Amino acid sequence: MAISVTVLGGSLQLTGNPVEVKVSGGSAPAGSTDYKLLLKVIDVDSSLLMPPVPDGIAPDSNGEAIFDISGKVDQPVQLQFQFPVTTSSVAYDSLVFAIKVQAGESYIDSFGELQESWGPQSSEFHLLKGGVSKRQIAIWRTAGTNFYTQYIAAKKFLTHRPWGDFVHPTQAVKLWFIPSEATTVTYKVRCQYDDNTETSYTTSVSLTTDKIYEFNCNPKYLNVPLTVTGQETGITKRLFLFDVRLEKDNVAYSDEYRFHYDWRYCERPFFILFQNSIGGIDDVYLGGRGIDKFSLERTAVTKPQARDARVYDPTIITPHSLGQNSWTINTGYKSISQMLHLRDMLVSRQKWLLYPNMPMTVYLIIPIIIDNSDSLLVDYSSDLHELDLEISEAEKSQFSFDNRLAT
Amino acid sequence: MDDIPGNAGLGIDIPVNEFSRAIFGNPERFEKYGSGSDRKFPGFEIRQKGVLLERGTFVITGADQERYTGWLQSELGVLGEEQRDKFIDELPWKTQQTFVNKVTYSQITDEYAAPTIHNQAFWEGKGKQITEVRKYQDEEGVWQKMDETIEYLTARFRDNFSYLINQREGSSIKSTGEGCVVSPMLFLQYVLKEIFRMHQWYINRNDLYDNIAMRELFIYNNFNIVRPLFTKERVEFSEFDREFMRYITRELDRIVGVSWGVATFSYRDLIPHVPLKDFILGLQNYLNYVFFFRTDKKIDIIDRDAIPDSTPIDIDSYFVNEWIMGERSDSRLKFIAEVEKNDGIQGEDWHDLSDRLDDFGDPVDTYADLLAISDPDIGELRLVIEENKIYEWKWSIYIGEDEVRREHQEDVLRWEFVSTGPQPYQYGDADEIEEIRTEFSTLLKFFKAFGLDLLSIPYVRQHGNIDIMRSLWSDFSPRLVFNVSFSGAATDELGGYNLNWPGENGLFEKRWKRWSRLWKNRLPVEGYFDFPLSVIDYIKMNIHKKFRTRHGEFIIQEMETEFGIEKVGITKIKGFKV
């Protein structure tokens, strides 16, 4: 029987969870020993550091072997997102790995010689950096489903953020999407004002399966006016909520997400963007109190006074002095679902703080670490929920930066 | 240079539960019985997220009610342990082989070569001796005669075969006749392939084979597959037995005829008697090809001299903290090849003169060139290439004899023999010496008609071995020679590579120069990297290559990573800056 290979779990999977490939159809020839089924992972777009060595597993009693290739393909990616927001959507092919696999068999024949043979390569499938918890995998397995079925085939945006999330009017709201097939869709943002009038933003977008797409959802950046003053009435209406989805032939293609504007005054809004677990980048608005801090790490050594020392010359010098920016920023009052969404942010290994300059005209992107190790997220006996986030810049530097610069 | 490094999985703890107990047994069994086989479990693999980190034998070093503690010995470690105190000629080599007699041999189609070699001493010490008359000229130029004792078989070897092993005649090798010597010599590629195959390791990448000259190497031996074939008849002999004081009859096999011919032979007699580790290490330290043992039981034979100039792998994006620099070494590399003491060409007359490097002048081609040197310095040393002998210009005593052995002495200044060559090759001027030892060498004397390698015949003076005289067995060291394809010649220089150390085609210039430049003044460095699992796997499989960060290039000596459940720790890399 010929060796066959089956990629379990769909044509797009997360690298942080087992990516299983079943090889079957092999049988040990008579007189042979050390029979193994082999699997080679082929990096189609040369984006991974791949060892040139195939893996081998002895088949089970059914003549099959299951290979988990997640460890081979789970590599860091240089994440990026569009900020400032300039377009409604951006496509990235560098964040999606294209992979093929090839199965084979090896054994030592009766002459003691190693024999290896290979079957055809599989069709291409894709991998995305991310993963879900073991509990989630177990739930899906019990239900006979998987990530691909739940998100890609179901055409859902790659996020766990709550539906109906409250966002700041200047927030770079983002949703990420990977299609299950090459297609052209209409990206639609339906905007509703507080007087129940509506307007929409639409644009056509071509999607291919080897890219991940970033959709910028905030109508502010789609040239939709957030406030409109009636010429006759003189009454100003404000944009209240917006719904985001992809359509095809005027019918919903993707799932739909709703966002509400939080129009409450915030003197200095901060935002955190972070890599979520399933391949997208989410954004969180921090509307509470913010405190700028600075920590210092230095060594001091004594230097003997030189004969020509002047009054300016010290006898204690600091050859090593590193500073680190840190902040304590409160989330502001949030709903329970918004607070629980923060778990994805806390566990994420790549986060960025959008830090405003003094006139709040420009936001700087600062990679950060969140130091909270024990966080009370929701006390159900209370109606109000918030959290102080202890944030450190992911860099120690011997130089500071002047936040009062215009750009 | 002194060891073949292997991987290991250290500090493994496995909790005692019904699953682990089913495999390892009850922990108290270890305390009570504790035999080696009790505690070793072959066929184990360490995998994380599907990635095979190591495969080998799990060795349990301790067990209590809560956990088994042990370490994973890699397949290479298992191989080393199996082969400890064993020799490569003791492996199950082919037996009962029939000699394929032809004029030319090639490593493409054949497992052995049969080059023509001159060995005057093959039959020394074997068989009966005869007295021959030798002629000599006395002081007055008158021819005189004297008796000389010589082995009968040596005389036949001289008269019928001109002292030539594997002497060609027409389209085949002469393989019959008294004193005939036929010695098949296994190709190095075949020997390597077989040694590993017998342990179920297989060669994958082979830079040694990819070198067109190196693939022609064979291993010299001194075994003769020609043996006397006796024709016998059973006869009765009558003799008087003094114990029983009467005549008794004995039945004996009387030899009525002897013919010499090729017998079947075993490859083990063609293999030097060395341990596997010394064989591999010796080859590495001679030709500078290293053996990289992979987790999938395949071996890559890597050209180590090419590494310093190779394209590095960039792992800068994973580097964390700072490099820790060690103390730069400054050593003189001394390449020491073991001398074949049983070969009279080199043998017992070899002495290490490497501490007298400054006394050496340029080598000369012939003894006549040596004598032609005008006004040499007292203590000056010179190598005569043709003879492979080193002479010293010194105050000596000339002792002459007449025909009745009356001595006559004079104080003279003259060139006096001090040692056979070659001397260990040295690179660098530092006082500290780092020795790179190898069991391997080559044959030292070649006759090349018209200077052609195609017509090259090596010269040795070494006692031979024959199956029916194993009590007189003379071991031979691993010595490599190039087979000249489609000829019966064997040479020390082929394709621009010479198997001796000095010279523009010598081993140092062609095989060691680039690596030695790095190794002589190596700077140890230590750094930390935050590798994902896949990159650890990649680097492990390419650990012999050159790497780089923004600070520069380096080669890895050792890497260490701690793994836990859902956790891959920071990797510590020790290496040397290039």
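Values quoted throughout were computed directly from the atomic coordinates according to the rules given, and no laboratory measurement underlies them. Please read all numbers here as calculations on a predicted model, not as lab measurements. All Cβ positions, glycine included, derive from the backbone under ideal geometry; neighbour counts span all protein chains shown.
Please work out the Cα center distance from segment B:359-384 to segment B:106-132, rounded to the nearest Å.
Measuring centre to centre over Cα atoms gives 34 Å.
Could you run the Karplus curve 6.51 cos²θ - 1.76 cosθ + 1.60 with θ = phi - 60° over segment A:231-248 and give me ³J(HN,Hα) per residue in whole Hz, x for Gly and Pro?
Along segment A:231-248, the couplings run 5, 8, 7, x, 8, 9, 9, 10, 5, 9, 8, 9, 10, 10, 7, 9, 10, 9 Hz.
Hey, can you rank A:274-280, B:565-571, A:340-346 by average C-beta count inside 10 Å, highest first?
A:274-280, A:340-346, B:565-571
Test of understanding: what is the full-extension gain from A:Q115 to A:Y265, defined as 0.36 nm times their sequence separation minus their Cα-Cα distance?
46.7 nm
About the Cα centre of the protein assembly as shown, what is the dipole size in debye to 20, counting +1 per Lys and Arg Cβ and -1 per Asp and Glu Cβ, all else neutral?
With Lys and Arg at +1 and Asp and Glu at -1, about 3340 debye.
5 Å is the cut-off here: which amide hydrogens, built 1.01 Å from N in the peptide plane, fall below it relative to A:S326, excluding neighbours closer than 5 in sequence?
Under 5 Å from the amide H of A:S326 lie the amide H atoms of A:K293, A:F294, A:S295, A:E393, each far enough along the sequence or on another chain.
Go ahead and run the numbers for FRET between A:D313 and B:H551, Cβ-Cβ distance against an R0 of 35 Å, rounding to 0.05.
0.60
Where the only charges are on Cβ atoms (+1 Lys, Arg; -1 Asp, Glu), what is the dipole of segment B:166-267 about its Cα centre, to the nearest 20 debye?
200
Considering only C-alpha atoms, what is the centroid distance from segment A:212-283 to segment A:43-80, in Å?
First find each Cα centre; the distance between them is then 39 Å.
Beta carbons within 10 angstrom, averaged per residue: use that to sort the peptides A:153-166, B:280-293, A:375-388, highest first.
Descending packing order for the listed peptides: B:280-293, A:153-166, A:375-388.
Dipole size in debye (nearest 20) for chain B around its Cα centre, Lys and Arg Cβ +1, Asp and Glu Cβ -1?
I would put it at about 2460 debye.
Of A:L389, A:L296, A:L79, which has the largest mean-square fluctuation in a 10 Å C-alpha GNM of chain A?
Answer for the Gaussian network model of chain A: A:L296.
On average, how many beta carbons from a partner chain sit within 10 Å of the beta carbon of a residue in B:44-57?
4
Once phi is turned into ³J(HN,Hα) by the Karplus curve 6.51 cos²θ - 1.76 cosθ + 1.60 with θ = phi - 60°, what whole-Hz value does each residue of segment B:162-173 show in order, with x for glycine and proline?
Values per residue, Gly and Pro as x: 6, 6, 9, 7, 6, 5, 7, 8, x, 9, 8, 9 Hz.
Please compute the average number of Cβ atoms from other chains found within 10 Å of each residue's Cβ in peptide A:45-51.
Across A:45-51, the average partner-chain Cβ count within 10 Å equals 5.
For chain B, take N as its residue count and report Rg(C-alpha) divided by 2.2 N^0.38 Å.
Against the compact-globule rule of thumb, the ratio is 1.22.
How far apart, in nm, are two points set 7 Å out from the Cα along the Cα-to-Cβ line at A:L322 and at B:D362?
Here the answer is 5.9 nm between the modelled labels.
Taking amide H atoms as placed 1.01 Å from N in the peptide plane, list the residues 5 or more away in sequence, or in a different chain, whose amide H sits under 5 Å from that of B:Y163.
So B:Y163 has HN proximity to B:R158.
Output the peptides A:178-186, A:233-241 sorted from most to least packed, where packing is the average of other Cβ atoms within 10 Å over each peptide's residues.
A:178-186, A:233-241
Using just the helices of chain A, give the 222 nm mean residue ellipticity in deg cm²/dmol: DSSP H runs with n ≥ 4 each add -39,500 (n - 2.57), and the total is spread over all residues, rounded to 500.
-1500 deg cm²/dmol
Using 7 Å Cα-to-Cβ label points, what is the A:T302/A:D383 separation (nm, one decimal)?
Taking the two extended label points, one gets 6.4 nm.
Considering chain A as a Gaussian network with a 10 Å cut-off on Cα pairs, which listed residue, A:A394, A:A252, A:A143, attains the greatest mean-square fluctuation?
A:A143
Over all residues in B:297-310, what is the mean tally of Cβ atoms on other chains that come within 10 Å of each residue's Cβ?
So the per-residue partner count for this stretch is 1.
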